[in-house]
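The values are calculated or read from the model by the stated rules, or taken from the named source; none is laboratory data. Because the structure is a prediction, the values reported are computed rather than measured. We place every Cβ from the backbone using ideal geometry, glycine too, and count neighbours over all the protein chains shown. All accessible areas refer to the heavy atoms of the entire protein, side chains included, with ligands and DNA or RNA removed. Shrake-Rupley method; radii C 1.70, N 1.55, O 1.52, S 1.80 Å.
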Amino acid sequence: MLAEAENAIAELAQTAHGTLTLGATPGVGIYLLPRWIQAFRQRYPQVAIHLQTGTTPHLASELLSGKIDLGFVEGEISPQPPLNLLPLKKIELVVVVGEEHPWASARKVSIPELNSQPFVARPAGSHTRQWTDQLFAQHGITPRIAAEFDNPEAIKQAVAAGLGISILPDWA
């Protein structure tokens with residue numbers, strides 16, 4: 001699929017028109033792809049870009065069925081032929097708190113301190129949630145989930161409103 005995507009992009013460079021259908025996880029689609037797409041459009045202004053968002057497993061399925069040309073995901077995925085992976089950016093997770101939270105001015109928080117906090121979390125099954133659940137399990141923490149949201153912006157707004165704290169990728 002990577003070779004097909006590379007060929008499609010090379011073909012676009014020669015023909016300079018067409019449609020490129022992308023898939024992305026919500027965070028990537030909101031925070032990273034708009035700039036990447038703008039840079040691409042400057043180089044290929046006649047190419048229409050279509051973007052859909054979804055979970056990593058959904059996007060892998062869409063790639064395999066040919067419904068999208070290229071997928072951008074945050075997190076691990078088992079590369080099963082004919083899918084190939086190319087890491088583009090390292091993801092660092094950070095604790096996010098509202099302005100009124102006692103940690104608002106803190107530079108660091110220890111992992112055990114997270115145990116007593118209400119969390120605004122990504123849905124179970126999302127890669128960010130899997131990462132945080134794994135981290136919590138390693139440290140004997142049982143998270144107190146106050147709410148689950150599938151959109152990073154909704155999570156940030158909930159945290160700002162005081163619903164709880166969260167852990168998000170640094171680019172969010």
For region 96-144, enumerate the residues that are among the hydroxyl-bearing types (S, T, Y) and under 21 Å from the mean Cα position of the chain (by Cα). S126, T128, T132
Would you please list the contacts, defined by Cβ atoms under 8 Å and residues six or more apart or on different chains, that run from a residue in region 84-106 that is in contact (Cβ under 8 Å) with a residue 40 or more places away in the chain to a residue that is among the basic types (K, R)? V96/K156
Taking region 136-172 as the region of interest, how many residues are closer than 17 Å to E74 by Cα and among the hydrophobic types (A, V, I, L, M, F, W, C)? 6
L20 passes all but one of (1) open to solvent by 40 Å² or more (accessible area, probe 1.4 Å); (2) of a type outside the set (S, T, N, Q); (3) at pLDDT 90 or above; which number fails? (1)
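Show me the strands (runs of 3 or more DSSP E) entirely contained within region 54-141 in which 3 or more residues are open to solvent by less than 80 Å² (accessible area, probe 1.4 Å) and closer than 13 Å to T25 by Cα.
Passing ranges, in order: 70-72.
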